[in-house]
1. So which residues in the stretch 104-162 are of a type in the set (Gly, Ala, Ser) and in contact with a helix residue (DSSP H, G or I) (Cβ under 8 Å, 6 or more places away or on another chain)?
2. State whether one or more residues within the stretch 214-228 are of a type in the set (D, E, K, R) and under 15 Å from the mean Cα position of the chain (by Cα).
3. Would you mind telling me which numbered condition in (1) closer than 22 Å to Thr259 by Cα; (2) free of Cβ contacts under 8 Å to residues at least 24 places away in the same chain Asn134 fails?
4. Would you confirm whether any residue within the stretch 37-46 is at pLDDT 90 or above and farther than 30 Å from Leu281 by Cβ?
5. Taking only pairs six or more apart or across chains, which ones have beta-carbon atoms under 7 Å, a first residue in the stretch 51-76 that is closer than 24 Å to Gly170 by Cβ, and a second residue that is part of a helix (DSSP H, G or I) and open to solvent by 60 Å² or more (accessible area, probe 1.4 Å)?
6. Take the stretch 160-177 and flag every residue that is closer than 30 Å to Leu145 by Cβ and of a type outside the set (Val, Ile, Thr).
7. Name the one entry in Phe183, Phe238 that is more than 16 Å from the chain's Cα centre (by Cα), under 15 Å from Trp253 (Cα atoms) and among the hydrophobic types (A, V, I, L, M, F, W, C).
8. Inside the stretch 60-129, counting only helices (runs of 4 or more DSSP H) that do not spill past its ends, which hold 2 or more residues that are open to solvent by 80 Å² or more (accessible area, probe 1.4 Å) and more than 21 Å from Phe183 (Cα to Cα)?
Amino acid sequence: MAAMRNITRGLGLYKNYGWTKTHCPSVCPAFHHPVLHSSSYRRPGLPPDDTPFWKKTDFSIRNGITSLKKHLGLLMKEGAAHLRGPGGKSLREDLLEQTSVVWEFRCPEDLQKWVVSSDMEIGGKSQAFLRLGNNNLTAQFYGVLNNEVPRDGETKFSGYCTLRTKAPKGAFNRKLSYDWSNFNTLHLRVRGDGRPWMVNIQSETYFSIQWDDLYNYFIYTRGGPYWQDIKIPLSKFFMTSRGRIQDGQYVLWPDKITTLGFTLADRADGPFQLEIDFIGLCKDPAHTEEFAYELYKTTPL
């Protein structure tokens, strides 16, 4: 765990609570709770937005009817999938499934499932973009990382870019989650530029004290023209809270996954690129490890 802390310090995620809490969504998912977190943050130098929420919402009858039709259609699809079996698959298929592709990039609609952000949200100068790759078969996450701190008198650290999936939602905007309990390994096919990346997984939480919990693992891309098939056992993901590795580690719940993301914050100015072919899951029968890190009943002295 000491080595992981050193890596996290090198990425600049261990030092500053200020920007990892609210401003870096793939490091700390605090923005999922706007009442307590996002709405309290105001970019330095900008006046607060006091516009009432009812002035930002379209309450027209046409909009209401359109929204109702959409959600009723989604509800019917969910009911039909539930009758077929777990996750819309037959019970036999669910039990025998050994691999599964969760995210791939074959059309512009696949890019709509992801959210790109950077330190520009707090006045930084890093830029990040997402586009389809050659022949519309991959996704390219690219941009420029800039660690220059905004001169606003408040921000102390800067320099991050993130790519994160949107949390799944069902009919009437119900929160859903992915069930990965049949698998034990995350499979990534990527082509990087030699930079270290952090893979983030967020699971469903029930208490406010867990809102900032996030599971992470570091990957190191080779660079060059060759693809990498990276397989990460889910037992290797370690828990952090507000960017800090926790002494008390807890096993990731694979049946309550909400988001997956990539974070670049290696404090090296310059362009970056991460090309992704697909993100999937597999079941490795040779991997029997439940959790790779110590489980303390109490925080050690």
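The values are calculated or read from the model by the stated rules, or taken from the named source; none is laboratory data. What you see is a predicted model; the values in this text were computed from it and never measured. Every residue, glycine among them, receives a Cβ derived from its backbone with ideal geometry; neighbour counts consider all protein chains shown. Note: areas computed on protein heavy atoms with side chains; ligands, DNA, RNA excluded. Shrake-Rupley method; radii C 1.70, N 1.55, O 1.52, S 1.80 Å.
1. Taking the stretch 104-162 first, the residues of a type in the set (Gly, Ala, Ser) are 117-118, 123-124, 126, 128, 133, 139, 143, 153, 158-159.
Result: Ser126, Ala139, Ser158, Gly159.
2. Just the residues of the stretch 214-228 that are of a type in the set (D, E, K, R), to begin with: 222.
Now drop any that are not under 15 Å from the mean Cα position of the chain (by Cα), which leaves none.
The answer is no; no qualifying residue exists.
3. Going through (1) closer than 22 Å to Thr259 by Cα; (2) free of Cβ contacts under 8 Å to residues at least 24 places away in the same chain one by one, Asn134 breaks only (1).
4. Looking only at the stretch 37-46, we keep the residues that are at pLDDT 90 or above, and these are none.
No - not one qualifying residue is present in the stretch 37-46.
5. The qualifying pairs are His71/Phe172.
6. Let us first name the residues in the stretch 160-177 that are closer than 30 Å to Leu145 by Cβ, namely 160-168.
Once the filter is applied, which keeps residues that are closer than 30 Å to Leu145 by Cβ and of a type outside the set (Val, Ile, Thr), the stretch 160-177 yields Tyr160, Cys161, Leu163, Arg164, Lys166, Ala167, Pro168.
7. Matching residue, one of Phe183, Phe238: Phe183.
8. On the way: elements: 61-84, 91-96, 108-111.
By residue number, 61-84.
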